[in-house]
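Below is one structure; the comments refer to it alone.
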Amino acid sequence: MKKALGNILLILASIVFTLLAAEAVLRIVPLDIAGSAGGDRGYFSRFDPELGWAPLPSVEQYHVGDGFSVAVRQNAMGLRASQEHAFEDNANQRRILVLGDSYVWGYGADQEDIFTEPSAHGDDNVEMINLGVSGYGTDQELLFYEKLGKQFDVNEVVLAFTTYNDILNNMFAEQYGYQKPYFTDENGLTLHDDHVVDRPARRIGIWFRDNSRVVAIAETGFLNVKYLWLSRFGDDEPVVHPRDRVLGPGALRPIDSQGVDLTVQLIKRLRDEVEAAGADFSLVFIPYKPNVLALQAEDHPLVTAMTPALSEASIDCYDPYAMFVEAARDGASPFNEGDNHFNAKGHEIFGKVITDRQLRETIGVCQ
Amino acid sequence: MIELLSDLWGFMRERRKFWLAPIIIIAVLLGALLVFAQGSVVAPFIYTLF
């Protein structure tokens, strides 16, 4: 009995030793995949019972990802900014608050290149307040505005809308392995957030997922094996992640269409709250990378699917898609190579759209 | 390949060194996953969700 117990302990010790040794090796060897260990939410956000996750205050770090290593600074409020922002408008500048996800947060972009930074937009008369948080859908953006954004005295609030995943984000109680609040729309919007709890076991699991290179490789490797298996033996169309497909007009998945009504309701509520606070509201679509790089005539088909309802609700919405296509046509891709987010060029274009009202009026897509 | 595995198993059984098994299994499994993880089509999916 003692011997058997000893053998089991020896085998367990052997497993732990091997995993620790593998972790050590993977931290020394410069493998691409090892570099991607550490999701931005793991490093730059924390659990929040109202929002699912919220940005960590006072962060100065490098974010190492798929093909990039960039400086990240989050101010005392947790906002990705090289400066602190007062709630009051002390400098008498035109103040624009921007809501959005990782595109606004600036995934893969150096701090100084993000469109909300003075160094990037270059307009001394404008102060932009970046409320972008990686992984947020419109629901969390609305709640983040209610919790923090509406305390800012601003002239304008811009919602940067990511077509290929914001609608999907709004439909689920969990995204990317993290629980999140969500709304349902039955005779009005109802918030559901009782399920958002910080369980220690879950926290430990997420910590390992975000910090261990062995776990990152295991997760990525298993997913790839699964995708390869489905590609070969699955009975559906070839497996390509939806975000990597060039999508022509009308090429919508049923699941995306299902969330359009709910999403428009969320945007309407946000617009109403912004206007009640005395600011202007507008929505700017994030151009869809695969279509831009393929020089397609139209942006993601959800733009077309959403604009009638947005127009009906009298929401100002804009799409800088043609400007991005023009940059791509000129050989200056506005996107990161390894993911779909903006590079410095993309931030430059998007910043112009946000700061220059006249320019924005030329790219309106809602009537 | 089968011969190599058979030899390894014989060695472990003969010398009663079964603690070597997890080291070998984990090393092989991680090596295989590493091959699949590099040049990943889904790595951006995991981390950019956002």
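The values are calculated or read from the model by the stated rules, or taken from the named source; none is laboratory data. Predicted model only: the values in this text are computed from it and were never measured. Heads up, the Cβs are rebuilt from the backbone with ideal geometry, glycines too, and the neighbour counts pull from every protein chain shown.
Here are some notes:
- When the helices (runs of 4 or more DSSP H) confined to region A:304-364 are screened for residues that are over 24 Å from A:ILE96 (Cβ atoms), those reaching at least 2 such residues are found at A:321-329.
- Any hit, region B:33-48, residues being over 30 Å from A:LYS3 (Cβ atoms) and either more than 7 Å from chain A (Cβ to nearest Cβ) or at pLDDT 85 or above (or both): yes
- The number of residues in region A:75-99 being in contact with a helix residue (DSSP H, G or I) (Cβ under 9 Å, 6 or more places away or on another chain) and over 22 Å from A:PHE44 (Cα atoms) comes to 3.
- Residue match in region A:51-68 (condition: at pLDDT 85 or above, within 11 Å of another protein chain (Cβ to nearest Cβ) and surrounded by 14 or more Cβ atoms within 10 Å (Cβ to Cβ)): yes
- The single residue among A:ARG232, A:ARG243, A:ARG329, A:ARG253 that is modelled with pLDDT under 95 and more than 21 Å from the chain's Cα centre (by Cα) turns out to be A:ARG232.
- Selection of region A:140-199 for residues being surrounded by fewer than 20 Cβ atoms within 10 Å (Cβ to Cβ), of a type in the set (D, E, K, R) and outside any helix (DSSP H, G or I) yields A:ASP153, A:GLU156, A:GLU174, A:ASP185, A:GLU186, A:ASP193, A:ASP194, A:ASP198, A:ARG199.
- Verdict on A:ASN165 being in the same structural domain as A:ALA54 (by TED's automatic domain parsing) and more than 25 Å from A:ASP244 (Cα to Cα): no
- Test: residue in region A:120-132 that is in a loop (DSSP other than H, G, I, E, B), assigned by TED's automatic domain parsing to the domain that holds A:LEU283, of a type in the set (S, T, N, Q) and modelled with pLDDT of 90 or more: yes
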